[in-house]
Structure formats: structure tokens, C-alpha cells
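Handing you this structure, nothing more for now.
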There are 2 protein chains.
Amino acid sequence: MEATLEQAVSILRRNQLKITKQRHALLDYLVTYQDHYVAISAVDEHMRTLFAGMSHNTIYRNIKEFETLGLLEVKSADNQTLVKYQCDFEHQHHHHFVCSNCGRVIELQACPLDAYEAQLPGCTITGHRMEIYGLCDQCTAKGVQAN
Amino acid sequence: MEATLEQAVSILRRNQLKITKQRHALLDYLVTYQDHYVAISAVDEHMRTLFAGMSHNTIYRNIKEFETLGLLEVKSADNQTLVKYQCDFEHQHHHHFVCSNCGRVIELQACPLDAYEAQLPGCTITGHRMEIYGLCDQCTAKGVQAN
DNA sequence: CACTAAATCATAATCATTACTATTTAGTTT
DNA sequence: AAACTAAATAGTAATGATTATGATTTAGTG
């Protein structure tokens with residue numbers, strides 16, 4: 001399901017965020033890349049060609065705000081932060097296949113690994129990585145709060 | 001299985017890398033953190049207290065060399081690069097549980113997700129992420145080489 | 001139209017990482 | 001054991017992503 005710019009804007013509105021022309025253009029850009037991770041620095045560069053003199057701060061801050069709204073998925077890779085617009089607002093459990101050539105992201109539905117291959121016809125799988133996050137037994141026993 | 005400093009040194013030797021006192025100390029440090037990811041910048045800081053005036057370059061370059069030897073596992077997170085000594089030289093397929101409080105890493109053996117929980121008694125699971133890498137169908141069809 | 005909190009701009013700082021070149025050193029050879 | 005040489009390191013500075021700060025502007029409201 002593709003998300004539209006209007007949906008994104010209404011989510012800002014629903015959260016009492018002002019619809020500035022900068023935010024509007026930023027969303028417009030992000031929405032067109034729903035199936036690719038984009039480096040924040042590339043977004044930054046693009047926005048500053050659209051709005052000469054736009055502040056780095058504005059771009060980075062808005063991206064962070066969009067992330068807390070659940071509009072964006074963020075991941076770190078290779079000294080850069082990558083973002084991808086996500087329409088899955090219910091944070092439904094799923095994983096990604098990421099093309100190491102063009103960066104295209106294909107969403108996967110099931111969880112056990114073997115089943116994934118069937119969802120990727122024609123693709124070449126070269127590797128995968130999974131990490132589970134939480135508190136280890138020692139930290140859990142200490143009563144540390146999960147964040 | 002814990003790896004020893006001697007094993008690490010012999011791997012350098014086997015690859016015709018010189019055993020400098022800097023590399024020796026670096027390995028010594030990394031080997032003591034086999035079950036934690038450590039930020040390279042923290043390694044850098046530590047090494048420079050051991051060797052006043054040690055070059056950033058030296059630390060970063062050696063860590064990269066150790067990675068290509070398969071001695072280290074590297075991942076990006078939050079504008080930092082994290083490393084972990086790994087004894088698994090055959091690159092045996094496995095995943096990690098990472099404590100979000102202390103950073104401790106617990107190696108997991110099986111793959112389907114549900115089975116993992118049984119391997120983490122006493123732990124609090126707050127989330128997980130998996131990504132499969134490769135070439136998408138379009139890039140595969142184009143004949144792009146996997147890297 | 002005025003108001004005000006929120007957002008942005010402009011500038012500079014910070015932090016991780018990398019580049020570059022002169023100097024040093026590990027491991028080998030004589 | 002001294003000499004040799006490629007490899008490694010030191011020292012210095014640059015780069016690039018991201019964040020901080022304080023003054024100015026603006027979206028949304030009354």
C-alpha cells in the first residue's frame with residue numbers, strides 16, 4: 001500500500017505539527033522514495049537545492065520528528081543514517097529485503113527465514129542479518145527498565 | 001568458545017601482518033570484549049591512553065584489517081561504528097541477542113525466530129530486526145554482480 | 001489583523017573518520 | 001649483529017555528517 005502525500009500531511013496535522021512549506025516539500029520527497037532507503041545527507045542536499053539556505057538543523061530535526069510519529073524508519077549504515085518512509089503505521093511485524101545494488105526495499109511478511117526465499121522470486125540472496133534487542137538476564141534481574 | 005590473544009596473534013602472523021606493539025595491545029583489548037560490541041571511537045580513546053599520541057589512523061586502519069581477516073564483526077549504529085571480536089572464523093550462520101542496556105551479546109544458534117526465545121531465559125525481548133541482503137529481481141536480471 | 005508558540009535560519013561547533021607525508025620499525029637478509 | 005626494506009605508525013590537518021545556539025520568521029489561532 002502506497003501512502004500519499006495527503007495522508008502524510010494529515011498525520012502531521014493530527015499531531016499538531018505546523019505544515020510549513022519545508023515540511024511539505026520534505027514529505028513530498030520522502031513519499032516518492034517509499035521503497036528505498038535514502039541517506040539523510042542526500043535528503044539534506046536535495047532540500048537545500050529546493051530551498052537555498054535551508055538549515056541542516058531543520059532537515060535533521062524534522063526527520064527525527066517524523067520518525068517519532070512513526071512516519072519514517074531509520075537505520076544506521078556505514079557512517080550514515082538512512083531513512084525510508086513507511087506506511088505501516090501499526091508497526092506490524094515484518095522484515096525487509098534490501099537490494100545491495102539499487103537499495104530497493106521489498107517488504108516481507110512471514111517470519112521464519114526459510115519462508116522468505118519464496119517471497120523473493122528472481123532475487124539473489126547474498127546474506128542476511130538479524131538481531132534481537134532487549135535486556136539480558138543480568139540487566140533484567142537488576143530491574144533495569146527497558147527503553 | 002573463547003578465543004585467546006595467542007590465537008589472534010597467530011592469525012596475524014599467518015597473514016604476514018607484522019606484530020607491532022600497537023596491534024598486540026589492540027587485539028588484547030578486543031579479545032577481552034568478545035561478548036560486547038564496542039564503539040570504535042571508544043577503542044580509539046582507550047588506545048590513545050595506552051599509547052600517548054597513537055594515531056587515529058592506525059587504530060581505524062587496523063580495525064579494518066582485522067575485519068577483512070574475519071577477526072572482527074562490524075556494524076553501524078547511531079552515527080558510530082561498533083566492533084566485536086569474533087571467534088567464529090568459519091562464518092557459521094548465527095544471530096545475536098544484544099542487551100540494550102549493557103551491550104552484552106549472546107550468540108544464538110537456530111534460525112526461525114520463535115525458537116530464539118527459548119535460548120534467552122531471563123531476558124527481556126523488546127524488539128528485533130532482520131534484513132536480507134542481495135540483489136533484487138530487477139538488478140539480478142540486469143546481470144549486476146553481487147559484491 | 002494581531003498574537004504567540006513553534007519553526008526556521010544562519011553560523012559555528014562537535015565528533016567520528018579519513019588523508020597525507022615524513023618517520024619509524026618488524027621481520028628478514030647478509 | 002648490523003643493514004635493509006616493505007610495512008606500519010605518528011603527526012597534523014581535512015572532511016563530512018550531525019548537532020548546538022540564539023536571533024528571526026511564520027503557521028495557525030482568536
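What follows draws every value from the coordinates through simple rules; no lab data is involved. The structure displayed is predicted, hence computed values, not measured ones. FYI the Cβ positions are ideal-geometry reconstructions off the backbone, even for glycines, and counts take in every protein chain you see.
What are the distances, in nm and sorted shortest first, from the label point of B:Thr126 to the label points of the same position in each other copy, with each label point placed 7 Å from Cα along the Cα-to-Cβ direction?
Computed spacing set for this position: 3.3 nm.
Using unit Cβ charges (K, R positive; D, E negative) and no other charged atoms, how large, in debye to the nearest 20, is the dipole of the protein assembly as shown about its Cα centre?
1100 debye
For helix A:56-68, what angle does its Cα long axis make with the longest principal axis of chain A, in degrees from 0 to 90 and rounded to 10?
That works out to roughly 50 degrees.
Put a point 7 Å out from Cα along the line to Cβ at B:Asn79; what are the distances to that point in the other copies, in nm, shortest first?
Result, one decimal in nm: 1.5.
Now, a different point. So how strong a dipole does chain A carry about its Cα centre when Lys and Arg Cβ are +1 and Asp and Glu Cβ are -1, to the nearest 20 debye?
Using Cβ point charges on Lys, Arg, Asp and Glu, chain A gives about 680 debye.
While we're here: Please state the relative contact order of segment A:5-92 as a whole percent: Cα pairs under 8 Å, 6+ residues apart? Please list the in-between numbers first.
On the way: 78 pairs, mean separation 25.7, N = 88.
That works out to 29 percent.
Residues of B:137-144, mean number of Cβ from any other protein chain within 10 Å of their own Cβ, rounded to a whole number?
Whole-number average of other-chain Cβ neighbours for B:137-144 is 5.
Here's a follow-up. Give me the Kirkwood hydrodynamic radius of the protein assembly as shown, using the inverse of the mean 1/r over all pairs of distinct Cα atoms, in Å to one decimal.
On the way: mean 1/r = 0.0463 Å⁻¹.
Kirkwood hydrodynamic radius for the protein assembly as shown: 21.6 Å.
Of the listed peptides B:55-67, A:52-64, what is their order by residue-averaged count of other C-beta atoms within 10 Å, with the highest listed first?
In decreasing order of mean packing, B:55-67, A:52-64 become B:55-67, A:52-64.
Residues of B:64-76, mean number of Cβ from any other protein chain within 10 Å of their own Cβ, rounded to a whole number?
1
While we're on this one: Using the 7 Å Cα-to-Cβ label point, sort the distances from A:Phe51 to its equivalents in the other copies shortest first and give them in nm to one decimal.
4.7
Okay, next question. Please average, across the residues of A:38-46, the number of beta carbons from any other chain that are within 10 Å of each residue's own beta carbon, and give a whole number.
On the way: counts 0, 0, 0, 0, 0, 0, 0, 0, 0.
The per-residue average across the peptide is 0.
Can I ask one more? Which of B:Lys84, B:Lys75, B:Lys21 ends up with the largest GNM mean-square fluctuation for chain B, with Cα atoms connected below 10 Å?
Top of the fluctuation ranking is B:Lys21.
Considering the dipole of segment A:21-73 built from charges on the beta carbon (Lys and Arg +1, Asp and Glu -1) around the Cα centre, which of A:Gly53, A:Val38, A:Ala25 is farthest to its positive end?
In segment A:21-73, that residue is A:Gly53.
Okay, next question. Only helical DSSP H runs with n ≥ 4 go in: add -39500 (n - 2.57) per run for chain A, normalise by residue count and round the 222 nm mean residue ellipticity to 500 deg cm²/dmol.
Result for chain A, helices only: -11000 deg cm²/dmol.
Let's test the formula: R0 of 30 Å, r as the Cβ-Cβ distance of A:Ala141 and B:Asp28. What FRET efficiency results, to the nearest 0.05?
0.50
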